[in-house]
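Below you will find the structure I want to go over with you.
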Amino acid sequence: MTKARDTGEVLNTRGTAATADVQSSPTDSATGKVMLTGAFGLGTDSSSYIGAAEDADTYRTSGTYYGGFTNAPTTGTAWLAVIGNELGTGRCRQVWRSSFDGLVYERATNGAGVFLGWDSVYTEANLNPNVFGGSAGGIVGVVGLAQNATTLLVPLPISNTVKPPSISKGVGSYTVRNSAFGLHASGITAANVAYLSGNSSPKTALIAVTTTGLSSGGAYYLLADATSSTIQVN
């Protein structure tokens, strides 16, 4: 067997990839192109920056992209993941995550290939249903009832699958106001707030606030004094 023949047989067994054109960029989606490392955000530990004002409506090729986008839910740079693209209809789904605050949104196209509006995805970045207070002058939980002259019971609505084991308290103080929203007591510290595990449930955490001069059975509001006046149901 000659060297020329050997070379020819090797060339014939290389397959089409050896002679195909490679991508001109990581986002080149032309038919028949060989993908580069990092193509469409794949095979790399960081997505390539694609630009400051890319139109998100035009990104329909599956992949992960990083940059600034128009037709986006908010401003600033973000990661845009395109999931699926049904051949012929252009149907696809996009997931957008801000690189600044971690907010996540998603959207999909309709049967005509037109993008619908962005929907918020709820995460710890924009939803904390188990944390109460944290806003100066804001009501903590729902209206409370005085058990006696020194104990105010305040329900905290939650949505757990099991009864919470405990609460964590911030260092800020609290104010109690009566049903007419008149001042009853101020400067109530976290030490005067206790969790009543035995009377709590997966849907309601009950706390007891110790103060003085309450009217038994009366309705009162518990208010946070500062951003550090928080009660977290664990």
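Beyond 19 Å, what share of the Cα-Cα pairs of segment 184-234 remains, rounded to the nearest whole percent? Spell out each step's value before the answer.
Numbers: 428 of 1275 pairs.
Above the 19 Å cut-off, segment 184-234 has 34 percent of its Cα pairs.
So what J values fall out for segment 106-119 if you push phi through Karplus, 6.51 cos²θ - 1.76 cosθ + 1.60 with θ = phi - 60°, rounded to Hz, Gly and Pro as x?
Residue by residue, segment 106-119 yields 9, 7, 9, 8, 8, x, 8, x, 9, 5, 8, x, 6, 10 Hz.
While we're on this one: How large is ³J(HN,Hα) for each residue in segment 165-170, as worked out from phi by the Karplus curve 6.51 cos²θ - 1.76 cosθ + 1.60 (θ = phi - 60°), to whole Hz, x for Gly and Pro?
x, 6, 10, 10, 10, x
Moving on to the next point. Taking 1 over the mean of 1/r across every pair of different Cα atoms in segment 131-233, what Kirkwood radius in Å do you get? Before the final figure, lay out each step's value.
On the way: mean 1/r = 0.0753 Å⁻¹.
In segment 131-233 this quantity evaluates to 13.3 Å.
Every number here is computed from the coordinates shown, using simple stated rules; none is lab data. This structure is a prediction, so every number in the text was calculated from the model and none was measured.
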